[in-house]
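Working notes for the structure below.
The values are calculated or read from the model by the stated rules, or taken from the named source; none is laboratory data. The structure presented is a predicted model; accordingly, all values stated were derived computationally and were not measured. Note that we place each Cβ from the backbone using ideal geometry, even for glycine, and neighbour counts take in every protein chain shown. Heavy atoms of the whole protein, side chains included, go into the accessibility calculation; ligands, DNA and RNA do not. Shrake-Rupley method; radii C 1.70, N 1.55, O 1.52, S 1.80 Å.
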Amino acid sequence: MKPLNPTPNHQTSPRQSKISRRNFMKHALAAGSAVAVPAFIPARALGRDGAAAPSERIVVGVIGHGPRGRYDLSVMLPEKDVQFVAVCDVLRERREQAKAMVDTHYGNQACVMYRDMFEIYGRSDIDAVLIATGEHWHTLASILAVKAGKDVYSEKPCGMTMGEVQALDEAVHRYGRVFQAGTQRRSQANFQYAVHLAQSGILGRLHTMHASVYVPKRTYDWLPAQPEPSPEECDWDRWLGPSPWRPYNRQYVTGGWRGHYDFEGAANFLDWGAHTLDLCQWANQSDHTMPLEYEANDSGIVGQYANGVKLICDFLPDPFGNRAPQYKTSTGTCPVRFIGDEGWVETGDNGEIVLSESLARTQQRRFEKPGTSAAGHGRNFFDCVKSRALPVCNQNIMRTSHTACFAAELSWELGRKITFDPVAERFVNDAEANRRINRATRAPWSFYV
Amino acid sequence: MAAPVISMGAASNTQAWIEILQSERPLFEKARACQQLGEAGTSEAVPALAALLNHDMLSVYARTGLERIPGPEAAAALRDALATTQGTLKIGVIQSVAALCDEEAVPALSGLTRGSDAAVASAAMLALGRIASDQAVTFVMQALTSGPPEHRPDAAAACLLAAQHQLSQKKAESAAALYDAVLKAKVPASYHIGATRGAILSRTQDRIAFLVKQLRSQDPAIRDVAILTVRQNPSEAFADALNAEIQNAPAGLQSKMIGALIDCHNAQSLPIIRAKAVSEEAQVRMAALNVLSRIGGPDDAPTLIKVLLDNQGPEEVSLAMSILEQIGGPETDAMILKALSSATTSSVRIELIRLLGKRSATSATDELLHQAGDPDQAVSIAALQALRSLASPEDLPRLIWLTRQCTVESVRDAAANAVYSVCKDHPPVGPSGALILKALKAANVTAEKQAWIRVLSLLGYSDALPFMTATLQDADPDLVQSTISSLGRWPDPSPINALFQVVESHANATVRSRALVAVLQLATRAADQTLTDHDDLLAWFQRAGKAVQSVQEKRLLISGLGRVNHVESVRMLSSYLDDADVKAEAVYAIVNAAGPLAKGPDYKTVEAVLKKIPAVQDPRLRDQIAGLERDIKATRARLDNE
C-alpha cells in the first residue's frame, strides 16, 4: 500500500496532521494514476441492462460510511445513470462495509477502498462525491472536493459554525461546482405541499411558523484516553481533521462524537433544525434572508423575520416519541407547522398532512412516501450535475438556513435576545455574539484553499 | 431548559483562566480555558495564549482564543509568532493571521512563501490570497505570472481567493485581472473552471463575447461552467447570447442551454425552445419538452401536437401529453380534434383520444362517437372510455346503438360502462333507464342482455326489477347467474326477497350459493347505509344464516352482522367463536357490533360474550376489548346507582 500522506519536508509532531497542501494536487493526481482498474467490465458498466451509457453516467465516490452514509448510498445506488466506484473511510470496518455494499449492488468487485479522501479527489474519472462523514468534516471535505473539481452532495449540517458555511458557500462558487446539502425534506411531496399552501396564500397571510428541534445540549468534556489503534484500523489523526486535538476514545469514531462541542456545532440544534428551520425559510420565501431577531425561552427559540412572520423553534423533550402538545405525534419526526390567518397546515416524516378545520375539506392530500427518503433529493442532485442547474438545497440556500440555525442556537447559548444583520452576516452591536462566528482549525487544515 | 449562561468577560475571569494556562493543570482544563478566553476573555490573556502557540496539542485552542479576542494585541502576537513557530504549528499561526485579515503581516507572509518549507510557503500564499489587500493581491499575481513554477498552483488558488474578495468589494477590474492570470497559467483544470466563472462575472465590457467564447470551447468542463454561471446569474444579456448561440451548438450543449434559458426568463427564448421541441436530436427535444412542461401555454399546442404525431418514443409522448392536459382553451381542443381526424397510426389516435378525455373536451363528443365505431378495437375502447365523462344524455341513443352493434366482449363492456357513466352522472335515472330497459327487452344475445342487466342493476332502475326477477327463471343458466350477481349490486335491498326465493328453492346448488352471496351483499350494504330497521336486517341475516355453508359465506354473514349494533347480532356472532375457520373474524365483528351495547342495558350479554373470546394477539383489538370492558364496568356502576 502506498503512503497515505506525502512525506513531510519538515519535522511534524505525531499529534499534528501531516498532509502537505502544496503537494496536494501532485499527490492526488499520482494517487489517481495508481487506481486499480477492474479486470472484468460487466454489462451494466457498458450501458446495457438498463443502465446509462458511460458517457452519460455520473461517476461518484463516497466519503464517510457511517449509518447515514449507508442510508444515502442505499437510496442512490439504484440510480441507473450513476455509478459508485470508490469509497473512503478512516475506519477499516466501515470502508469494507461500503465496498461490500457497492460490489453487491453491481455484482462485481470493482469498488476501490481508500483511507485517504485525497485519493478520491485525485481520480479524474470521478465526477462527484457523496460526503457523509462526521459533522466536523463536512465543510472541509466539501471544500477540498470542489477544489479538486468534484460536485458535492454533503450531508447536513454542512458546517459547525457560521464561518464554516460561509467558507463552504464561497468555495463552491469559487470553483464553479454543483452542491447539494442533504436537507432532503425539500424534495419530499408532503413537505412541498405544506410549503405550497403557505406560499400560495391558501393559508391566508402567513404569520407564524413552527420548527421542531431537539432540546439543545453539548459537552466540552473529553472522554477518557484510550490507546490509539493503528492508522489502518482507525486513522485518528485524520478522523480529527480540522478539529482541535484530544486523546483517542473509540466512542467518538463510532457515533459518540455527537454532543461534543468540537465535533458537533450549535449544540445539536441543526440535527433537526437544518431541516425544519430550512422548511420554514422556504415556506416564508426567505431563502435569501433569515430572521433578524432571536430570543430563547424555556420551551424554544422565537425568531422574527423582517416581514413580521414569527418563527418558533420548539424544543421537543421526546422527539422520537410523544411530540404533543406542540405537534401531532402522528405526523412523525421533524414536524413543521405553518399558520396563516385563514388556516394552518402541519406535516412531518410520516407524510401525513394535518390541516385546520377551515381547510381540511378542500385541501386534504395523502402522501404515502415517508418524508425521510433521500432518493428524490439525490436525483435532483444528479440531474443538476448534468444540467449545471442549482439544486433545490444549493450552497446559497444552505448558507442562509444554516446561519439562521446558528443564530437561533446562539440566543439560547447566550441566554438573551440577539439581533442579526443578514446582509453583513454579523450580529448587530454585539461583540460577544460575533466572537462565536468562527473557530480556528487545526493545522494544516484550512477552509480557505 | 435555558442554556447555562456563560459568565462574561470580567477581568477576574480572564485572570482565572490565565492562571489555568500557566499552571500544571491537565491539558483538558487548559484547552477549555483557551475556549473560554475566546468567548469572553480580554486582551490581558494574549501573552498567555501566545505562549501556547508552540504547544503541539494546545496551539489550536490558543489560536481560537487569539482569533476571537478583540483588539490589536492578538494580531500582533500572532504576527510575532510567525517568526517563532515551525512546521505545522507555523501553518496554524499563518491561518490565524489570515483569519484576522492582518494586512500588517503581508510582508512577513510574502517572505514565508520563499522559504524552504513547502507546506509553510503554501499556507502563506493562500493566506495572502485570503487577506487580499492591494499589496497581497499584487504579490500573489506576481507569484502566479512570474514566480517559480512550483508555486503556481498555490498562487492560482490564492488569486482565486483574492479575486473573489475583490469581486465582493465591487473591484471588478482587479478581480478580472486575477481571473485572467489564472486562466493563462499552467495549473490544474479545476482552477481554470473556477477562474472561467469568475472571469465571466467580473467582466464589465466584453462579458458576453467572453461567455460565447467559453460556450464554444472544446473543453466540455469549460462549457459546463459557462452554463452554470448563466444559470446562477441569469440576465437578459446572457439570454440574448444563448438565443443566438444555441442554433450552432452541439446537441449536448443545446440541451443544457435550454435549461439555462428558462432560468433567464427571456421572452425571445420561447420560440427558440418551442422549435427545439421538434429538433432532430432526442436529447434536445426532451430538454425543450421539459422546459415547456414548466412554462407551456396555448401557443405551444401546435408544437406539442406535432410531438404526438411524430411519436418519437413513449417518454416524449407522455411528456407532451401531460403538458397538453394542462393547457386550457377550446382552440387547443380544436387542434387536437383536427389532428385526430388526420392521424393514421393507432397508437397516436389512442393518445389523442385519451388527451381529449383528460381535457374534458365536450366539443369532441361527436368525433369520439365516430371513433367509438372504429374497427380497431383499441381505438374504439379508448373512445368509449373518453365518452364516459364527455357524453351527455342526448348521446345515449347513439351509445346504446353502439353497444348493441358490438360483437367483441371488451368493446361491449366499454360501451355499456359509458352508458352507465352517462346515466349516473346525469340524474334522474328514469328517462335513461327506460331507454336501456327497452334495449334489454329487445336484446336477443345473452351477452347483450347481461350488459344491460348489469347497467340497470348498478343504476337501481326500479321499473326494470320485475323484468329482471323474471329473468331468474330463465332457462339459460349463464344469464341467471349473471343476473343474480348484478342484482347483488343493486343500490338498495329491493331485490332481496326475489333472491331469497332462489336461495331457498332453486334446484342448482351453485345458483343457490351465488344468490346467497348476493343476498348478503345487499343486506350488508343496507346495514352500512343505516336506512333499514335492525329488525329487518336481523331477519335477513337470520334467514341467510340458515343457508350458509362455505367459509366464504360465513365470512360474509359475519361481516354483515358486525355492522348491526344489536344484542341479537352479538348472540348470533358468538355462535361462531367455536368455529376454527371464522373465529378470528367473529371476534372483530363482535367488538364492532358491541360498542354501543356496552354502554346500555344489554351490557351483561356483551360481558358474557366477551368472556368467551379467547386470548387475542392483535394489540389494537386487545385495546378495543379492554375499552369495552371499561365501558361495561362504568355502565354497571351507573345502572346500579340508578
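Using each residue's phi in segment A:330-342, evaluate 6.51 cos²θ - 1.76 cosθ + 1.60 at θ = phi - 60° and report the 3J(HN,Hα) Karplus result to the nearest Hz, with x for Gly and Pro.
After applying 6.51 cos²θ - 1.76 cosθ + 1.60, I find 5, 6, x, 6, 6, x, 9, 9, 10, 10, x, 7, 10 Hz.
How shielded is B:123-130 by partner chains, expressed as the average number of their Cβ atoms within 10 Å of its Cβ atoms?
Taking all residues of B:123-130 together, the mean is 3.
Which residue, A:Tyr327, A:Tyr294, A:Tyr71, has the most motion in a Gaussian network model of chain A that connects Cα atoms within less than 10 Å?
Looking only at A:Tyr327, A:Tyr294, A:Tyr71, the biggest GNM fluctuation is shown by A:Tyr71.
Can you give the local net charge around B:Phe28? Use residues other than it whose beta-carbon is closer than 9 angstrom to its beta-carbon, Lys and Arg +1, Asp and Glu -1.
Around B:Phe28, the charge tally is +2.
Give the Debye-formula value of log10 I(q)/I(0) at each listed q (0.07, 0.09, 0.14 Å⁻¹), with one equal scatterer per alpha carbon of chain A, two decimals each.
Summing over Cα pairs of chain A leads to -0.35, -0.59, -1.34.
With a 1.4 Å probe and all protein chains kept in place, how much accessible area does A:Lys217 have, in Å² rounded to the nearest 10?
Here the accessible area works out near 120 Å².
Give the Rg/Rh ratio for chain B, taking Rg as the radius of gyration of the Cα atoms and Rh as the Kirkwood radius, to two decimals.
1.24
What is the helix-to-structure angle for A:375-387, meaning the angle in degrees between its Cα long axis and the longest Cα principal axis of chain A, kept from 0 to 90 and rounded to the nearest 10?
It works out to around 70 degrees.
Between segment B:61-77 and segment B:563-600, what's the alpha-carbon centroid distance in Å?
With segment B:61-77 and segment B:563-600 each reduced to a Cα centre, they are spaced 79 Å.
Given a 10 angstrom Cα cut-off, can you work out which residue in A:Ala110, A:Ala267, A:Ala424 is the most mobile in a GNM of chain A?
A:Ala424
Taking the Cα centre as origin and putting +1 on Lys and Arg beta-carbons and -1 on Asp and Glu beta-carbons, what dipole magnitude results for chain B, to the nearest 20 debye?
Approximately 480 debye in magnitude.
For B:Lys213, go through the lysines and keep the ones whose alpha-carbon is under 30 Å away, minus same-chain ones fewer than eight residues off.
Within reach: A:Lys26, A:Lys147, A:Lys150, A:Lys386, B:Lys170, B:Lys171, B:Lys184, B:Lys186, B:Lys256, B:Lys276.
With springs connecting C-alpha atoms under 10 Å apart, model chain A as a Gaussian network and identify which of A:Gly107, A:Gly340, A:Gly376 has the largest mean-square fluctuation.
Comparing A:Gly107, A:Gly340, A:Gly376 in the GNM, the peak value goes to A:Gly107.
Please average, across the residues of B:89-95, the number of beta carbons from any other chain that are within 10 Å of each residue's own beta carbon, and give a whole number.
6
Using the heavy atoms of the protein chains and a 1.4 angstrom probe, tell me the accessible area per residue for segment B:309-385 in square angstrom.
Value returned for segment B:309-385: 46 Å² of accessible area per residue.
Positive end of the dipole of the protein assembly as shown, charges at C-beta (+1 Lys, Arg; -1 Asp, Glu), about the Cα centre: which of B:Ser255, B:Ala123, A:Tyr294 has its Cα farthest in that direction?
It is B:Ala123.
With angles folded into 0 to 90 degrees, how steeply does helix B:282-295 sit against the dominant principal axis of chain B? Use alpha carbons for both and round to 10.
80 degrees
What value, in deg cm²/dmol to 500, does the helix sum -39500 (n - 2.57) over DSSP H runs of n ≥ 4 give at 222 nm once divided by the residues of chain B?
Rounded to the nearest 500, the figure is -22500 deg cm²/dmol.
B:Lys438: which lysines have alpha carbons under 16 Å from its alpha carbon, excluding same-chain residues fewer than 8 sequence positions away?
B:Lys449
Need one value for A:170-180: mean number of C-beta atoms belonging to other chains within 10 Å of its residues' C-beta atoms.
Mean shielding count: 6.
Beyond 21 Å, how much of the Cα-Cα pair distribution for segment A:354-427 remains, as a whole percent?
For segment A:354-427, the share of Cα pairs beyond 21 Å comes to 59 percent.
Taking Cα pairs under 8 Å and at least six residues apart, what relative contact order does chain B come out at, in percent? Could you put the intermediate results ahead of the total?
On the way: 863 pairs, mean separation 24.3, N = 642.
Reported relative contact order: 4 percent.
Taking only the alpha-carbon positions of the protein assembly as shown and ignoring solvent, what does the Debye formula give for the base-10 log of I(q)/I(0) at q = 0.07 Å⁻¹?
-0.82
Measure nothing but the geometry: give the 0 to 90° angle between the long axis through the Cα atoms of B:603-612 and the longest principal axis through the Cα atoms of chain B, rounded to 10°.
80 degrees
Determine which aspartates and glutamates satisfy two conditions relative to A:Lys328: a Cα distance under 17 Å, and not lying fewer than 8 residues away in the same chain.
Straight-line reach from A:Lys328, under 17 Å: A:Asp314, A:Asp318, A:Glu346, A:Asp349, A:Glu352, A:Glu357.
To the nearest 20 debye, what charge dipole does segment B:391-462 have about its Cα centre, counting +1 at the Cβ of each Lys and Arg and -1 at the Cβ of each Asp and Glu?
Details: 8 positive and 6 negative charges, 47 e Å.
Dipole of segment B:391-462, to the nearest 20 debye: 220 debye.
Any idea how far the Cα center of segment B:230-256 sits from the one of segment B:79-98, in Å?
Computed from Cα coordinates, the inter-centre distance equals 47 Å.
Tell me, what is the 1.4 Å probe accessible area of A:Asp262, in Å² to the nearest 10?
10 Å²
Identify, among A:Gln251, A:Thr362, A:Leu73, the residue whose Cα sits farthest towards the positive end of the charge dipole of chain A, taking +1 on the Cβ of Lys and Arg and -1 on the Cβ of Asp and Glu, with the dipole about the Cα centre.
Comparing the listed Cα positions along the dipole, A:Leu73 ranks first.
Which value in nm describes the separation of the simple spin-label points at B:Ser235 and B:Val616, placed 7 Å from the Cα toward the beta carbon?
According to this spin-label approximation, the distance is 7.1 nm.
In debye, nearest 20: dipole of the protein assembly as shown around its Cα centre with unit charges on the Cβ of K, R (+) and D, E (-)? Can you show the working numbers first?
Working: 113 positive and 119 negative charges, 234 e Å.
For the protein assembly as shown, the charge dipole is close to 1120 debye.
Report the trypsin sites (Lys or Arg not before Pro) located in segment B:147-185 that are in a DSSP loop and have at most 13 other Cβ atoms inside 10 Å of their Cβ, or state none. Provide the component values of the computation, followed by the final result.
On the way: sites: B:Lys170, B:Lys171, B:Lys184; in loops: B:Lys170, B:Lys171.
Of the trypsin sites (Lys or Arg not before Pro), the ones in loops of segment B:147-185 whose Cβ has at most 13 other Cβ atoms within 10 Å are B:Lys170.
Any idea what log10 I(q)/I(0) is at q = 0.14, 0.19, 0.21, 0.22 Å⁻¹ for segment A:299-369, Debye with uniform C-alpha scatterers and no solvent?
Treating every Cα as an identical point scatterer, log10 I(q)/I(0) equals -0.49, -0.85, -0.99, -1.05.
Between the alpha-carbon centers of segment B:336-370 and segment A:246-280, tell me the distance in whole angstrom.
59 Å
Step through the residues of segment A:406-414 one at a time and calculate ³J(HN,Hα) from phi using the Karplus curve (6.51 cos²θ - 1.76 cosθ + 1.60, θ = phi - 60°), rounding each to whole Hz and writing x for Gly and Pro.
4, 5, 4, 4, 5, 5, 6, 4, 7
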